[in-house]
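**Q** Sending over a structure as structure tokens; questions will come in a sec.
The values are calculated or read from the model by the stated rules, or taken from the named source; none is laboratory data. From a predicted model like this one, the values you see are computed outputs, not experimental measurements. Virtual Cβ from ideal backbone geometry, glycine too; neighbours counted across all protein chains shown. Accessible surface areas use protein heavy atoms only, side chains included; no ligands, DNA or RNA. Shrake-Rupley method; radii C 1.70, N 1.55, O 1.52, S 1.80 Å.
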Number of protein chains: 2
Amino acid sequence: MGGPHISRTVADLRAQVKDWRRQGLGIAMVPTMGALHEGHLSLMREALSRADRCIVSIFVNPTQFAPTEDLDKYPRQLERDLERLAEVGVQLAFTPAPEEVYPKGFATKVVVGGPSAGLETDFRPHFFEGVATVVTKLFLQAAPDCAVFGEKDYQQLCVVRQLCRDLDIPVEIVGAPTVRDGHGLAMSSRNAYLDETGLAVARQLNKVLRNASAAIAGGADPETETAKAREALLQAGFRSVDYVAARESGTLAPWREETEGRLLAAAWLGTTRLIDNVEIAART
Amino acid sequence: MGGPHISRTVADLRAQVKDWRRQGLGIAMVPTMGALHEGHLSLMREALSRADRCIVSIFVNPTQFAPTEDLDKYPRQLERDLERLAEVGVQLAFTPAPEEVYPKGFATKVVVGGPSAGLETDFRPHFFEGVATVVTKLFLQAAPDCAVFGEKDYQQLCVVRQLCRDLDIPVEIVGAPTVRDGHGLAMSSRNAYLDETGLAVARQLNKVLRNASAAIAGGADPETETAKAREALLQAGFRSVDYVAARESGTLAPWREETEGRLLAAAWLGTTRLIDNVEIAART
């Protein structure tokens, strides 16, 4: 098992893709910021089930971090990441340096409206501009047939879908279910910041969301239930709660009971910010 | 001479492009807003000299007009335009309806910095957002190898180059010289708004710019010369002058004497706004 081909430049990536296209091979992509865990690996397995070749980009994108955020301490472990790609059978790792992605004089941004409104944007105002711009670039650099994103970052998944539809980027966006530990905690690179006590609190996030979601699906008032969920998170040991919100699936417009919904939350555990979301079943 | 194939939808356009790609043909594109004149035709001839097939889009893009601008009265003459495409030998006309380009729920924009700063942007603040967004879409819809833009809209040419470089859009941008009438007036769809008296005044625009450019290249102070040019335009009969400015070629940063430059102007003749630009030769 030789491990993936490593492309550090767009030119090298494109040469490899061109070669695959000449052979008539289908290509899937999984954009990541590295620090790969079981959640990422599940996206890659999904990608490999849909295409002959899988490209994984590993790039900690500076433009989606605010100056106050954890860009510098975000976990970087390229050697270990490459081993995991080899285990799953990924054929290409795209690991560009920041100056390869944003050369001197770079001056363009992609701004997506619609599902980017509210939720994460209320707390990280430029986050989705950073995501949309780098995803546009990665897609146009690699030109895959499809790309797999985790439902863990549900708002991001909706924004990327809107982006591709609006700009006619010919990449099919596939959403894949969140991978969780045995206690329901969503896999996240930021879990690495937590000690045992923190993990025990973190595991309450999904539990609280599932309870509230079941109550709302069962007929309870969403305003009341999200307020109760917020209180339950603080009781469980979260330091503060950015939001708990019921939204319509896909558009992320305010939830209406006749449609499928999503209950989304972000909360702080010490200096670590965790997000999660669960489905709200349509009322029958 | 059968005239061009007409695609009204992105799906039809892509089907035709896919067929050409299967045959190994090269494709060039000329984005236009219709009302085609000799300037446009020269871009198409340039495109056909570079590729086996030429796609011309004819789309009056609403997002690059401000509410106060001439969207409604902008000249539309599709039948005549299609005849001209047939004369030049263009193979495909892409003539989408506004709702094909901007379907319900559309919510994304592309914002280019760098050369979009100042000049047109000072007077049409959202113009280049509209241009950059529609050009991105057209390029990703048609996926040409190259696209030809006129130097007449010099700032637009610089912005489109920056856009493609920044977002990794794999389309080569070709700039083509401005086509002028026998009196130096740059061909423009907006010339159709002018009567004989207006045309006589309009023809002074290029003359004034050439004089100022020669003076600057010869060592005169650019501030003084652009002020004199502004005065000369008003004297010639222009109602007002939005700008006359000396800039560095390509970047459109302030002009420095050791580099090649561009002298750009926009001025009003009654209710018609005209733009033009000329080279400033590097001082030797």
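**Q** Given labels modelled 7 Å from the Cα in the Cβ direction, how far is it in nm from residue A:192 to residue A:172?
**A** 3.3 nm
**Q** May I pose another question? Would you kindly find the accessible area of residue B:187, with a 1.4 Å probe and non-protein molecules such as ligands, DNA and RNA excluded, rounding to the nearest 10 Å²?
**A** Rounded to the nearest 10, the figure is 50 Å².
**Q** If you don't mind, another one. Filter the trypsin sites (Lys or Arg not before Pro) in the range A:169-267 to those in DSSP coil with at most 15 other Cβ atoms within 10 Å of their Cβ, and list the result. Write down the numbers at each step before the final one.
**A** Values: sites: A:180, A:190, A:203, A:207, A:210, A:228, A:230, A:239, A:247, A:256, A:262; in loops: A:239, A:256.
When the trypsin sites (Lys or Arg not before Pro) of the range A:169-267 are filtered for loop state and at most 15 Cβ neighbours within 10 Å, A:239, A:256 remain.
**Q** Just how large is the dipole of the range B:5-176 about the Cα centre, in debye to the nearest 20, putting +1 at every Lys and Arg Cβ and -1 at every Asp and Glu Cβ? If you can, show how the numbers build up before the last one.
**A** On the way: 19 positive and 23 negative charges, 91 e Å.
It works out to roughly 440 debye.
**Q** Using a 10 angstrom cutoff on alpha carbons, build the Gaussian network for chain A and name the most mobile of A:169, A:58, A:27.
**A** Greatest mean-square fluctuation among the candidates belongs to A:169.
**Q** Suppose you put the label 7 Å out from Cα in the Cβ direction; list, shortest first and in nm with one decimal, how far residue B:268 is from each other copy's label.
**A** For residue B:268, the inter-copy label distances come out at 5.1 nm.
**Q** Further question: Tally Lys/Arg at +1 and Asp/Glu at -1 over every other residue whose Cβ is under 14 Å from the Cβ of residue B:233; what's the total?
**A** Once all neighbours under 14 Å are counted, the net charge is +3.
**Q** Continuing with this model, one more query. What is the local net charge at residue A:146, summed over the other residues whose Cβ is closer than 10 Å to its Cβ (Lys, Arg +1; Asp, Glu -1)?
**A** -2
**Q** What does DSSP give for chain B in terms of the percent of beta bridges that are antiparallel, rounded to the nearest 5?
**A** For chain B, the DSSP antiparallel bridge percentage is about 50.
**Q** Enter the Cα centre distance for the pair the range A:94-136 and the range A:183-233, rounded to the nearest angstrom.
**A** Centre-to-centre (Cα) distance: 28 Å.
**Q** If amide hydrogens are placed 1.01 Å from N in the peptide plane, which non-local residues have theirs closer than 5 Å to the one on residue A:29?
**A** For residue A:29, whose amide H was placed from the backbone, the distant partners under 5 Å are A:55, A:146, A:147, A:148.
**Q** Let me ask another. For a 20 Å ceiling on Cα separation, which of these pairs sit above it: B:18/B:137; A:109/B:137; A:18/A:137; A:73/A:137; A:18/B:109?
**A** Among B:18/B:137; A:109/B:137; A:18/A:137; A:73/A:137; A:18/B:109, the Cα-Cα distance tops 20 Å for A:73/A:137; A:18/B:109.
**Q** Right, something else. Got the residue B:219 label distances to the other copies yet, label 7 Å along Cα→Cβ, in nm, shortest first?
**A** Distances between equivalent label points, in nm: 9.3.
**Q** Grab the other residues whose beta carbon is less than 15 angstrom from that of residue B:15, score K and R as +1, D and E as -1, and report the net. Intermediate values should be presented prior to the final figure.
**A** Working: positive: B:8, B:14, B:18, B:21, B:22, B:53; negative: A:168, B:12, B:19, B:100.
Local net charge: +2.
**Q** For a quick check: with amide H placed at 1.01 Å from N, whose amide H comes under 5 Å from residue A:91's, ignoring anything fewer than 5 positions away on the same chain?
**A** A:54
**Q** Further, regarding this structure: Roughly how many whole Å is it from the C-alpha centroid of the range B:267-284 to that of the range B:14-78?
**A** One Cα centre to the other: 24 Å.
**Q** What lysines sit close enough to residue A:228 to cross-link, taking a C-alpha to C-alpha distance under 26 Å and skipping anything fewer than 8 places away on the same chain?
**A** The qualifying lysines are A:152, A:207.
**Q** Hey, got the average number of other protein chain Cβ atoms within 10 angstrom for residues in A:102-108?
**A** That works out to 6 on average.
**Q** Report the residues of the range A:56-90 in range of a label on residue A:12: point 7 Å along Cα→C-beta, backbone N strictly under 12 Å from it.
**A** Taking a point 7 Å out along Cα→Cβ of residue A:12, no residue of the range A:56-90 has its backbone N under 12 Å.
**Q** For residue A:97, place a label point 7 Å from Cα along the Cα-to-Cβ direction in every copy; what are the distances to the other copies, in nm, shortest first?
**A** Counterpart label points of residue A:97 in the remaining copies fall at 5.2 nm.
**Q** What is the list of residues in the range A:249-284 whose amide nitrogen lies under 15 Å from a point 7 angstrom out from the Cα of residue A:121, following Cα to Cβ?
**A** So the set is A:250-254.
**Q** For peptide A:133-143, compute the average count of partner chain beta-carbon atoms within 10 Å of each residue's beta-carbon.
**A** For this peptide, the per-residue mean of nearby foreign Cβ atoms is 3.
**Q** Taking the full set of protein chains and a 1.4 angstrom probe, give the accessible area of residue A:259 in square angstrom, rounded to the nearest 10.
**A** 30 Å²
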